[in-house]
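Colleague: I'd like to ask some things about the structure below.
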Amino acid sequence: MTITNPADYWDPLWTSGRRYRGLGPEEQQLTRRLLGAGRGRPALDIGCGDGALARYLHADLGYRTTAIDCSSAALKLAQAEQDANDGPVFQQLDIETDDSSVLPDAGYALVTCRLVFAFIKDKPAFLDRIRCLLPPGGTFWLVTPLAERLPEERKSIGITAQQVELLTAPWSSVESEDLDSMRCYALRP
């Protein structure tokens, strides 16, 4: 699915009360097992939506998390759910078009992208940008539906076998696990 102006597309959906797949216990367990403890290292959650993954990374896994989204409506929701004393830093940023030098860290031990990859317009450029944000030993955690496992009317929110190859080919280490119609990837440079 290609979206010309992401903020214009997502803002009305979040404002209308639309919600997306929650971060369930199985996904939390898988995330914990494949990513481990953060020990205060920096993490970047791209396309954070309501902030559920960012809060989990920060509070439960111990990462120092920055969460970005192009949608101001999603960020308002994420901040409303935030514990005022401690939690992720939420920032409006479109990872495809905005300058990432405004992020609080130059590099991240963990970069996450949950349910967003299918909507990225220029996937090779996006993956290059991710690799620039990861130091040696860093992990790119990507959760995405697979088009082949979705009903015909929802295939556009999943990625194809060809896009899976594009996603996984440039990494030295690829771990993946299935979670119903989704696949979770831990990719390392």
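The values are calculated or read from the model by the stated rules, or taken from the named source; none is laboratory data. Since this is a predicted model, take the numbers as computed values, not measurements. Quick reminder, even Gly has a Cβ in these numbers, built from the backbone with ideal geometry, and neighbours come from all protein chains shown. Keep in mind that these areas ignore ligands, DNA and RNA; they rest on the heavy atoms of the full protein, side chains included. Shrake-Rupley method; radii C 1.70, N 1.55, O 1.52, S 1.80 Å.
Colleague: How about region 1-73: which helices (runs of 4 or more DSSP H) wholly inside it have at least 2 residues that are at pLDDT 95 or above, within 24 Å of G137 (Cβ to Cβ) and open to solvent by 30 Å² or more (accessible area, probe 1.4 Å)?
Modeller: 25-35
Colleague: Here's a follow-up. Among (1) within 20 Å of R55 (Cβ to Cβ); (2) at pLDDT 95 or above; (3) assigned to a loop (DSSP other than H, G, I, E, B), there is one condition N85 misses while meeting the rest; what is its number?
Modeller: N85 satisfies every listed condition except (2).
Colleague: Return the residues of region 104-153 that are under 20 Å from E26 (Cβ atoms) and charged (D, E, K, R); say none if nothing qualifies.
Modeller: Within region 104-153, R114, R149 meet the criteria.
Colleague: Among all residue pairs at least 6 apart or on different chains, which show Cβ distances below 9 Å where the first residue, located in region 153-165, is closer than 19 Å to E175 by Cα and the second is outside any helix (DSSP H, G or I) and among the aromatic types (F, W, Y)?
Modeller: Final answer for the pair search is V164/Y185.
Colleague: Within region 95-118, track down each residue that is surrounded by fewer than 18 Cβ atoms within 10 Å (Cβ to Cβ) and more than 21 Å from L57 (Cβ to Cβ).
Modeller: Scanning region 95-118 gives E96, T97, D98, D99, S101.
Colleague: OK, next. Condition first: touching a residue at least 60 places away in the same chain (Cβ under 8 Å) and of a type outside the set (D, E, K, R). Now tell me which residues in region 168-181 satisfy that.
Modeller: Correct list: L179 only.
Colleague: Can you tell which of R131, R114 is of a type in the set (K, R), more than 18 Å from G22 (Cα to Cα) and modelled with pLDDT of 95 or more?
Modeller: Unique residue meeting the criteria: R131.
Colleague: Would you check if G137 is among the small types (G, A, S), open to solvent by 10 Å² or more (accessible area, probe 1.4 Å) and touching a His at 6+ places or on another chain (Cβ under 9 Å)?
Modeller: No: the conditions fail for G137.
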